[in-house]
Amino acid sequence: MQRVNPIIYIIFLVLSCSNKQTVENSLSERDAAIEIKVQQLLSKMTLQEKASQMVNIGLPSILTGDYWSERDSTVFAPKKFRKFITKYAVGSIHNTPGYLIGSKEWYRIVKEIQDSAIHKTRLGIPLLYGIDNIHGANYVKESVLFPQQIALAATWNRDLSKINGEITAYESRAASLPWNFNPNIDIAINPLWGRIAESFGEDPYLVSEMGAAYIQGSQGESLEDPKTSAICLKHYIGYGAGRNGKDRANALIPENSLRQYYLPPFEQAIKEGAASVMISSNAVNGIPCHINKYYITDILKGEFGFKGVVISDFSDVHFLTEAHEITEDKREATKLAVNAGLDVLMNPYEIDVVDYIVEMVETNEITMERVDDAVTRVLRLKFQLNLFEKPYNNPEDFPELGGERHIQQNYNTASEAITLLKNNENSLPLKKGKKILVTGYAANSMNVLNGAWSRTFLGQDTKYNDPTKLTILNAIENEVGKENVDYVEGTDYTEDINTVKAVSKAKNADYIVVCIGEIPATEKPSDINELQVPEVQQELIKKLAVYNKPIILVMVQGRPRIIRDIEPLSDAIVMAYVPGQEGGRAISDVLFGHINPSGKLPYTYPLYSGNALTYYHKKADIRDITWAYDGFYSQYEFGHGLSYTTFKYSKVTLDKEILNGNETLKVSVTIKNTGKREGKEVAQLYVKDLWASVAPDSKRLIRFEKISLKPNESKTITFEINSADLKFIGIDNTWVVEEGAFEIQVGGNPKELIKKQFEYKI
C-alpha cells in the first residue's frame, strides 16, 4: 500500500464519519482521494438525484419504438432521452439496441449519452454502462467469441482464464463499455440447468480459482486503466441449485450447504476486489434473493466486507410481485429490496422506482443512511473507473480489437478445453488419406459452436456469423480436402432430415464423425425436461453403427447429456462443450492430432437422468439396491480426460505423518510422460476426512496444477496444504477442523488416484 497523505486521510475520516461510513485503517492515496470526492458529491445531491443513481435502465428505453421493437439503426427518442438521461439523470444503463454494432457505433451511442449526462444535468455525473459480455465482448461486432465459460473451466488453466478476462475487458472498453455482467461463479449442481454452460462447473474450489483468475485479468491492477473492466459476479446466490433444474427455480439450501459450497467462490472473488455483485433471480428456501437481507447485508456486506455495488437482475424487483408473489405492490417490492441491501435496481422500462424511493425516505420507510450507502457505492465505482475524466474511449486507441493475438488466444482456449472422454484402441488421431463421413446437427453450424450470448441473446440468428470462421465440417475439409469428405446433415436438433442418406454414405467411409449438439439458448429458453440426448440424434448413431466403421462422437453441448446407449457404439468421444468461433478449427486439430487434448471434466457426467450427483457426495448417497456402496453411477467422473500420451504418477510423499495446528503439510508427486508425444496434464489433489461430526464428503478438490511434459520427461510438483484445507461447516454452521485421520488423494485420473493418510492434531 502507498503511504496515505495524513491531510487526505483526516479529511476522509471526517467526511466519512459524518456519513456513518466505516473507515479502513489503510487506504491508498488514490482510494482516499476517491472517498473524498464521493462524499463531497454526495453532500450536494438532492434526494431525487440520489434515488436516480440507484436505477439502471435499458438502452431501448431511450430509443424510438417500443422496448422490444426490431431495429436496424439506433435513433434516440428525444422525449424519452430527456426524461431518463437529463431530467432524472439515471445512474446506469445496460443492454443493446437490438442488433449487432461495432465499436465505432458503440462509441457514438455512449458518447451522446455521456455528453448529455455530464453537460446537461445539474451535477454532471456520468452513467455507468453495463453489458452481458459473457464469452468475450459478444455484443461488439469485431470482437472474438471465446468458448463459453464451462469450456474455460475444462482447461483447468488459471492463466487462460486470466487472459480471457483481460481480452474481454479490452474489447469491451474498445466499445466504451466499462462494466461487464460476468463472470458467473454459480455452483452448478443440476445438469438440467441450461446455464451450466455459462458456469465454471460443480466444484467450489475450481469455480473459485478460475473465477479469481478471470477477475484478475479483467480488472487488472487498477480500474483506472482504460483497458480494464469492472466485473459483476453472478448470481448471488444459489441460482445453479434450482430444485427442479430449471432456470430461476426455487432452491432448497440449508445453511451448512450454503456456507460449504455456494458462498466460498463469492468470498474469494470479493477478496480479489470484485467491483460488483448481481443478485440471483431465484428464491432460496422460498425467500427471493432480492429481498434476503441476511444474504445481502449480513453476509455479503457484513461478513465478507463487500464495498462494491449490489445490483438486481433484469426487472427482478418487479418480478417480486409477478413471479414470486411476495407482494402485489411494486412500491412495496422496491422497499423490501432496497432495505435488504440492493444498491441498484435494474428497472429497464420505467423510472417509477425513483419516485418510490423518494417517497419512502420521506415517510421513513427507507432510511437516508441506506440510500447514502447505495449511492456511495455507485459513485465510488464511477470514480474508480475514471468515468468523470474519461467517460468513453476512442476505438482507435484499441488496435488489437479482434486482432491476431486475440484470435490465437481464443484458439488456444478452445483447444485446451476439448476433453477426450474415450479413445478405444487409439481410434484418434484420425489418419489422413481416408474417406470421412461428417454428419449430425452440430457438424456445420457456427451457432451451435458459439452458443447463447453470441451477437444476440440466444445466439440463434445466423446473419451475424463471421464467414471467415470454420464449422467442424469446414475445418475437416480444409484438413483432408473436400474430395475426401462426404457431408450429410442427418438430423436437426429433434427432427430427422436425411438419416437414410447418411447411412447410405457410411458404406464407403473409413471414418464416421458424428457431431451432436444443443440448440443455442440461455435462461428460460434453455430449460429442458429430459437430460437424454434427443432421440433422433441417438438414432442416427445407432443406424450408422450397422457397418462397424469407426464412429467418432463429437459433442457440442454445455451440459452433460445422457449417452448411455450410444457410448458403446462410439470408438472415440470428444467433448467440445460450446467452444466459440475457433471451435471448428480446434476440434479438427484434435481429431487429426495437431493438438493433444488436455481438457478435464469440470462436472460429473451422469450415467442416468435420475441419478445425477456431484463427485463430493456423502457415502450414504450411494447405497445401492443390495445395500452396498456402489450407487455412484457416473458415465465419466469429475476431472476425467484422456490424452494422446500417457502419464504415470509416482513417489507420492508427505513431509510429515502428523499435521499439527497451523503447520503446513507438503505433498510431493512425480509425474512422468510415458508416451511418445508432448502433452499437458492436470495434477489434482483431493482430501477426504475419514471421520467427522458432520458426514464428510467423498472427497474435496483442494489443489490442482496444469503442467506440460515432453516424452520421457518427469516433473515433481509440491502442493502445500494447511488446516484451512481440512475445515468443513460443522453442526453449528461455522467452519471447523477436527482432529483425526485424513486421506490425501492425488493423480490425473479420478479412477486411479494415489492415496496417503495423515493425522491432524489441533
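The values are calculated or read from the model by the stated rules, or taken from the named source; none is laboratory data. As the structure is a prediction and not an experimental result, all values here were calculated from the model. All Cβ positions, glycine included, derive from the backbone under ideal geometry; neighbour counts span all protein chains shown. Note: accessible area is taken over every heavy atom of the protein model, side chains too, but ligands, DNA and RNA are not part of it. Shrake-Rupley method; radii C 1.70, N 1.55, O 1.52, S 1.80 Å.
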>> With a 1.4 Å probe and all protein chains left in place, how much accessible area per residue does the chain have, in Å²?
In response: 38
> What are the principal axis extents of the Cα atoms in region 614-659, in Å, biggest first?
Replying inline: 39, 39, 18
>> Could you put Lys469, Lys104 in order of accessible surface area, largest first, with the 1.4 Å probe and the full protein assembly present?
In response: Lys104, Lys469
> Rg and Dmax of region 191-293, using alpha carbons, in Å: what are they?
Replying inline: 14.2, 43
> Once Rh for region 703-762 is found with the Kirkwood sum over Cα pairs, what is the Stokes-Einstein diffusion coefficient at 20 °C and 1.002 mPa s, in µm²/s?
Replying inline: 150
> Accessible area, 1.4 Å probe, largest first: how do Phe398, Phe314 sort?
Replying inline: Phe314, Phe398
> Which shape class, rounded, prolate or oblate, goes with region 308-361 when its Cα gyration tensor gives a ≥ b ≥ c as root eigenvalues, a/c under 1.5 marks rounded, and past that a/b bigger than b/c marks prolate?
Replying inline: rounded
>> Keeping all protein chains in place and using 1.4 angstrom, which order do Lys120, Lys507 fall into by accessible surface area, from largest down?
In response: Lys120, Lys507
> Let a ≥ b ≥ c be the square roots of the eigenvalues of the Cα gyration tensor of region 482-631; is it rounded (a/c under 1.5), or, if not, prolate (a/b larger than b/c) or oblate?
Replying inline: prolate
> Mind checking the angle between helix 404-417 and the chain's longest principal axis? C-alpha axes, 0 to 90 degrees, to the nearest 10.
Replying inline: 60
> Any idea of Lys656's accessible area? Nearest 10 Å², probe 1.4 Å.
Replying inline: 50
>> Could you sort the peptides 540-549, 275-284 by per-residue average Cβ neighbour count (10 Å cutoff), highest mean leading?
In response: 275-284, 540-549
> Kirkwood Rh over Cα pairs of the chain into Stokes-Einstein at 20 °C, 1.002 mPa s: D in µm²/s?
Replying inline: 79
>> I'd like the distance separating the alpha-carbon centroids of region 238-277 and region 70-146, in whole Å.
In response: 30
> Antiparallel DSSP bridges in the chain: what percent, to the nearest 5?
Replying inline: 55
>> If you only keep lysine pairs separated by 8 or more in sequence, or across chains, how many in region 490-632 come under 25 Å at the Cα atoms?
In response: 11
> Over its Cα atoms, what ratio of radius of gyration to 2.2 N^0.38 Å does region 62-141 give?
Replying inline: 1.10
>> Given 4 °C and 1.567 mPa s, compute D for region 313-434 with the Stokes-Einstein relation, Rh being the Kirkwood radius over Cα pairs; round to the nearest whole µm²/s.
In response: 66
> What does the convex hull of the Cα atoms come to per residue for region 241-376, in Å³?
Replying inline: 108
>> Just to verify a number: what accessible area does Asp461 come out at with the full protein assembly present, 1.4 Å probe, Å² rounded to tens?
In response: 60
> Looking at the square roots a ≥ b ≥ c of the eigenvalues of the Cα gyration tensor of region 453-542, which shape do they give, rounded for a/c under 1.5, prolate if a/b is larger than b/c, or oblate?
Replying inline: oblate
>> Here is the link list: Lys699/Lys756; Lys727/Lys761; Lys307/Lys382; Lys666/Lys688. Which ones come out longer than 21 Å on Cα distance?
In response: none
> Could you work out the helix-only [θ] at 222 nm for the chain, with each DSSP H run of four or more residues adding -39,500 (n - 2.57) and the total divided by the number of residues, to the nearest 500 deg cm²/dmol?
Replying inline: -8000 deg cm²/dmol
> For region 312-366, what % of the accessible area comes from carbon and sulfur atoms, probe 1.4 Å?
Replying inline: 42
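Sorted by mean Cβ packing within 10 Å, highest first, what order do the peptides 577-585, 43-51 take?
On the way: 577-585: 29.4, 43-51: 17.1.
The packing order, highest mean first, is 577-585, 43-51.
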> Using alpha carbon centroids, what distance separates region 321-346 and region 553-622, in Å?
Replying inline: 40
> If the cut-off is a Cα-Cα distance under 16 Å, which aspartates and glutamates reach Lys710, setting aside same-chain residues fewer than 8 apart in sequence?
Replying inline: Glu678, Glu681
> Can you give me the Cα centroid spacing of region 642-668 and region 450-504 in angstrom?
Replying inline: 45
> Cβ under 10 Å from Asp343's Cβ, Asp343 left aside: what net charge do those residues give with Lys, Arg +1 and Asp, Glu -1?
Replying inline: +2
>> Once the convex hull of the alpha carbons of region 567-638 is built, what does its volume come to per residue, in cubic angstrom?
In response: 124
> Considering only protein heavy atoms, what is the solvent-accessible area of Ile163 at a probe of 1.4 Å, reported in Å² to the nearest 10?
Replying inline: 40
